Amino acid sequence: MIASDKTLIRLNGLSKHYGRLTVLDGIDLEVKAGEVLAIIGPSGSGKSTLLRCINYLEPPDGGTITVDDIVIDAGNPIGRAALSGLRRRVGMVFQSFNLFPHMSVLRNISLPQERVLGRSRKEADARSMQLLSRVGLADKAEQFPIRCSGGQQQRIAIARALALDPEVMLFDEPTSALDPELGLEVLAVMRELAKSGMTMIVVTHEMGFAENVSDTVMIMADGNIVEKGPSKEIMRNPQHERTKRFLRAVH
Ligand code: ADP
Ligand code: MG
């Protein structure tokens, strides 16, 4: 849901190489506040690397990343303040949920709030419970993650990321590791999040989500943006041969 004209994320000429392999070939991209952008494209096209560069899990080799008031220039060493500012603004959810197995669900969500935001345990727990209710898992607070289904674990991972009050959420194939039925629970939470106005970039193979939930769809191939536009236009009437081929293959 694009609620405003404010550009929250801006990438200019973002590039990344592994040795001689160009993985991101000078990506220019703008994401507005409240926009939900779905990124689709063949395996190896650079989708994960793009997300990982946006929150600097992977340092880019060229270009700039702007998230809100944080500007990072790949040409200069990143400052500690810029890095922590970026990490605080950008939440990330991966295909694998990466919950701490030896901590309760509640502790998994509260601990990062205490460490990163300096919240007291009481404040953190209150916020965690709020978010667990939001993802439909308030009754799992005292469980260990292993006792939860994959779909529940991914919803817990979403709650954990939201607990740090990010301005944007990045999702890298959040349902790929799940049975379709459990994937639906996760997609429902993501749809609700999109409706609430969260800015989201979602790498996905879920064509229904791309068409019906996201505002914008972008197709990547070989480290480039092939095509990008309003989701229904792109999904129903793609212009580029590369997009048509990809959509035929996944449908
Ligand atoms: P996607 O998410 O679209 O499948 P990735 O961003 O994971 O694509 O990968 C893009 C390309 O970069 C692939 O060819 C992949 O093998 C390569 N790649 C990704 N990470 C690394 C790495 N750490 N070292 C070397 N090559 C990598
Ligand atoms: Mg990937």
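The values are calculated or read from the model by the stated rules, or taken from the named source; none is laboratory data. Computed from a predicted structure; not experimentally measured. Every residue, glycine as well, gets a Cβ built from its backbone with ideal geometry; the counts of neighbours run over all protein chains shown. Calculation scope for accessible area: heavy atoms of the full protein, side chains included, ligands and nucleic acids excluded. Shrake-Rupley method; radii C 1.70, N 1.55, O 1.52, S 1.80 Å.
Consider Asp172 carefully, then state whether it is open to solvent by 10 Å² or more (accessible area, probe 1.4 Å) and within 16 Å of ligand 2 (Cβ to nearest atom). Yes.
Residues are listed down the side, and each one gets a yes or a no for (1) touching a Ser or Thr at 6+ places or on another chain (Cβ under 9 Å); (2) under 28 Å from Ala163 (Cβ atoms):
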| site | (1), (2) |
| --- | --- |
| Ala3 | no, yes |
| Asp25 | yes, no |
| Asp28 | no, no |
| Leu51 | no, yes |
| Thr66 | yes, yes |
| Ala74 | yes, no |
| Arg80 | no, yes |
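Here Val217 meets each of (1) within 22 Å of Ala188 (Cα to Cα); (2) among the hydrophobic types (A, V, I, L, M, F, W, C); (3) in contact with a His (Cβ under 7 Å, 6 or more places away or on another chain) with one exception, condition (3).
Restricting attention to strands (runs of 3 or more DSSP E) lying wholly within the stretch 1-89, give those where 3 or more residues are at pLDDT 95 or above, in contact with a strand residue (DSSP E or B) (Cβ under 6 Å, 6 or more places away or on another chain) and surrounded by 17 or more Cβ atoms within 10 Å (Cβ to Cβ).
Those strands (runs of 3 or more DSSP E) span 7-18, 21-32, 36-40, 62-67.
Pairs meeting the criteria (first residue in the stretch 193-204 and among the charged types (D, E, K, R), second residue within 16 Å of ligand 1 (Cβ to nearest atom) and open to solvent by 10 Å² or more (accessible area, probe 1.4 Å), beta carbons under 9 Å, at least 6 apart or on different chains) are lacking.
Taking residues in the stretch 228-251 that are surrounded by 15 or more Cβ atoms within 10 Å (Cβ to Cβ), and partners anywhere that are assigned to a loop (DSSP other than H, G, I, E, B) and small (Gly, Ala, Ser), the pairs with Cβ atoms closer than 8 Å and at least 6 places apart or on different chains are Ser231/Ser214; Phe246/Gly41.
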